[in-house]
Amino acid sequence: MNRGKWAGWLLTCMLLVTVIAGCSGGNTPAAQNGGQEGKESKGSGEKVTLKMAMWDSNNDFITFVTEKVKEYSSVKPNVSVEVESFKSDSDYLQAIKVRAGGGALPDIMELKPNWLADFKDQLIPLDDVGVVDTNKYAKTYAIDGKVLAIPSVSFPELVYYHPSIFEELNLEVPTTWPQFMEVLTAIQQDGTYIPYAMGGKDAWPDYPFNEFLPHILSDNENYLSDLAKEDTPFGEGTPFYQAYQQIAEMYNAGVMGPDPLGIGADQANDLFISKQAAIMASGLWFVPTYQGKAGNLDDLAAFPMPYRPNEDTPLKLMMFTDHFYGISSTSKHPEEAKAFMEWFYSPEVYKEYLNAAQLDSAFEGVESEVPFLKSFYGEHQPDNFIYIPGDTTYTELSNAIQLDVKALGQEMMAGKSVDDIVKDLNAKWTEARKNK
């Protein structure tokens, strides 16, 4: 081959290699996106199992979540999600605290808003997760300026009653605390029904009173955080004292049946659902429980808890944000967990979650479909009041004195006076602030 032909052949080969390289590399989606597709393909071969822990008293809802998250494997074939469930938040919290101490938390963990400060060191920031921007409440519950968990739902706290009993006893729906007490007293005097179903043996069912009443009477959504700024925030003249005097009035009136401390939450629910009791308070989550046991909602209605002393004061409705999900700092797969949460809270998946939960939406652009809730708002137009837990300082102080307002409710049902409670609390609180 002469030199001219050799040069021509060599040039042709070089051009051919360049064209092939261009076709196989530079114009592919992977090349156009910085090679990310190639990285994903490589990562898709590594099998990842994400552990997700949750609680719920509704078995059907637990089953729904357990089955729903399995669908994620069709989106990410190398990632599977396994759910561990608990029936109560108290059992769940106890288990999670033990695991946190041993560095064995699940990848994705469910939280209540007032637990966020306690677990802030065990959670990673989620500000870079896209769905945070469309969540209505995530930034409201940020800790030290960081979103550590994404709230799934919001819902009103309601007082449930049987309209048939109100009609039978010629009772009107109360809108003030004195009217509420009058209704309970009238039911008690009739003697046919237990006025209010209280499962005091479990402590937590008294939260509409011992936890919420001081907060809402303060007319300050940041009330709990502000307590940390005072040495004696519980004494006479404070929202706490006023609220606990109201609560004591109810507890001492004998309107919660013969033994409110002798029955638990499930028994109290059954008393109400079977129409042995006329009234009980709970979150919107109680409606599916009622329907599951009663078979229908024909004799169920609700009104806002009338905490206010008179009609000159705005009627406020406590709104609770719940079922937060965060990613533990011990997770070996934080990026996979974030990607899963993007899918979990995507509109189509989240809509199914919301319909199964039968609660109100926490995301912009996704509306809940709860007929009972629509009916409630059709009859009542209260001012919404958002429950916001205390900040880190409040959490540290309340932990230091082991403040448990629900346990205080049990003590009040057993006869402990408000004055004794606030005297003890103020002394401990003042000392805790000195030692801080």
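Output the direction-averaged projected area (hull surface divided by four) of the convex hull of the alpha-carbon atoms of the stretch 310-436, in nm².
Details: hull surface 52.7 nm².
If I average the Cα hull's projected area over directions, I get 13.2 nm².
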For this session: List the equivalent ellipsoid semi-axes of the chain in whole Å, largest first, each obtained as the square root of 5λ for an eigenvalue λ of the Cα gyration tensor.
Result: 54, 25, 19
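Would you mind working out the accessible area per residue for the chain, using a 1.4 Å probe, and quoting it in Å²?
Working: 20520 Å² over 436 residues.
Ligands and nucleic acids excluded, the figure is 47 Å² per residue.
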Seminar exercise, completed: Averaged over all viewing directions, the convex hull of the alpha carbons in the stretch 168-216 casts a projected area in nm² of 4.2
Exercise. Cα centroids of the stretch 121-192 and the stretch 309-324: how far apart, whole angstrom?
Worked result: 7
Exercise. Ranked from highest to lowest mean number of other Cβ atoms within 10 Å per residue, what is the order of the peptides 287-294, 99-106?
Worked result: 287-294, 99-106
For this session: Return the distance in nm (one decimal) between the two label points of a simple spin-label model at Asp299 and Asp60, each offset 7 Å from Cα along Cα→Cβ.
Result: 2.0
For this session: Give, as a single signed number, the net charge of other residues whose beta carbon lies under 10 Å from the beta carbon of Tyr193, with Lys and Arg counted +1 and Asp and Glu -1.
Result: -1
For this session: With an 8 Å cut-off on Cα pairs and a minimum separation of 6 or more residues, tell me the relative contact order of the chain in percent.
Result: 24
Exercise. Going 7 Å from the Cα of Tyr377 toward and past its Cβ, which residues in the stretch 262-293 have a backbone nitrogen under 15 Å from where you end up?
Worked result: 284
Problem set entry | Where N is the number of residues in the stretch 373-436, Cα Rg divided by 2.2 N^0.38 Å | 1.60
For this session: Please get the size of the charge dipole for the chain, origin at its Cα centre, with Cβ charges of +1 on Lys and Arg and -1 on Asp and Glu, quoted in debye to the nearest 20.
Result: 2360
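Ignoring ligands, DNA and RNA, please state the percent of accessible area on the stretch 63-199 from carbon and sulfur, probe 1.4 Å. Can you show the working numbers first?
Numbers: 2680 of 5740 Å².
After summing per-atom areas, the C and S share lands at 47 percent.
Using the crude model of +1 on Lys and Arg Cβ and -1 on Asp and Glu Cβ, and no other charge, please compute the dipole size for the stretch 294-353 relative to its Cα centre, in debye to 20.
Numbers: 5 positive and 10 negative charges, 55 e Å.
The calculation lands at about 260 debye.
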For this session: Please calculate the 1.4 Å probe accessible area of Met412, with all protein chains present, and give it to the nearest 10 Å².
Result: 0
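Could you tally the net charge around Val83, taking each other residue with its Cβ under 13 Å from the Cβ of Val83, Lys/Arg +1 and Asp/Glu -1? All intermediate terms of the calculation are to be shown ahead of the outcome.
Values: positive: Lys51, Lys68, Lys70; negative: Asp56, Glu67, Glu71, Glu82, Glu84, Asp107, Glu110.
Taking every Cβ under 13 Å from that of Val83, the sum is -4.
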Exercise. In terms of solvent-accessible area of protein heavy atoms at a 1.4 angstrom probe, what is the ranking of Lys351, Lys70, Lys332, highest value first?
Worked result: Lys332, Lys70, Lys351
Seminar exercise, completed: On each of the three principal axes the extent of the alpha-carbon atoms of the stretch 137-239, given in whole Å and largest first, is 53, 37, 28
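Ignoring any ligand, DNA or RNA, what whole percent of the accessible area of the stretch 286-436 comes from carbon and sulfur when the probe is 1.4 angstrom?
Values: 3140 of 6900 Å².
Carbon and sulfur together cover 45 percent of it.
At 0.36 nm per residue, minus the direct Cα-Cα distance, what do Ala414 and Lys436 gain on full extension? Give it in nm, one decimal, please. Can you show the working numbers first?
On the way: separation 22, 0.36 × 22 = 7.92 nm, distance 3.26 nm.
That works out to 4.7 nm of additional length.
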Problem set entry | Calculated from backbone phi, Karplus (6.51, -1.76, 1.60) coupling profile of the stretch 316-326 in Hz, x at Gly/Pro | 9, 10, 6, 10, 10, 9, 9, 6, 6, 10, x
For this session: Counting only DSSP beta bridges with both residues in the chain, tell me the antiparallel percent, nearest 5.
Result: 60
Exercise. Based on the Cα gyration tensor of the stretch 53-170, what are the three equivalent ellipsoid semi-axes, each the root of five times an eigenvalue, rounded to whole Å and given largest first?
Worked result: 30, 20, 17
For this session: Could you tell me which of the pairs Lys139/Lys423; Lys139/Lys275; Lys146/Lys201; Lys201/Lys434; Lys76/Lys112; Lys136/Lys201 are separated by over 32 angstrom between their Cα atoms in the structure shown?
Result: Lys139/Lys423; Lys139/Lys275; Lys146/Lys201; Lys201/Lys434; Lys136/Lys201
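If I compute solvent accessible area with a 1.4 Å probe over the protein chains, what percent of it on the stretch 213-277 is carbon and sulfur? The partial results should precede the final answer.
Details: 1180 of 2750 Å².
Looking at the stretch 213-277 in its full context, I get 43 percent from C and S.
Where does the chain land at 222 nm, in deg cm²/dmol rounded to the nearest 500, when only DSSP H runs of n ≥ 4 count, each adding -39500 (n - 2.57), divided by all residues? It would help to have the intermediate numbers written out before the result.
Numbers: 19 runs with 187 residues, N = 436.
Helices in the chain give a 222 nm mean residue ellipticity of -12500 deg cm²/dmol.
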For this session: Tabulate in residue order the Karplus-calculated ³J(HN,Hα) for the stretch 51-67, using 6.51 cos²θ - 1.76 cosθ + 1.60 with θ = phi - 60°, rounded to whole Hz; enter x for Gly and Pro.
Result: 8, 10, 10, 8, 9, 5, 7, 8, 4, 4, 6, 4, 4, 4, 4, 4, 6
Seminar exercise, completed: On the formula 1/(1 + (r/R0)^6), with r taken between the Cβ atoms of Asp219 and Thr49 and R0 of 45 Å, the FRET efficiency rounded to 0.05 is 0.40
Seminar exercise, completed: In whole Å, largest first, the alpha carbons of the stretch 192-274 cover along the principal axes 45, 21, 19
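The values are calculated or read from the model by the stated rules, or taken from the named source; none is laboratory data. Note that the structure is predicted; figures quoted are calculated from it, not measured. Quick reminder, even Gly has a Cβ in these numbers, built from the backbone with ideal geometry, and neighbours come from all protein chains shown. Accessible surface areas use protein heavy atoms only, side chains included; no ligands, DNA or RNA. Shrake-Rupley method; radii C 1.70, N 1.55, O 1.52, S 1.80 Å.
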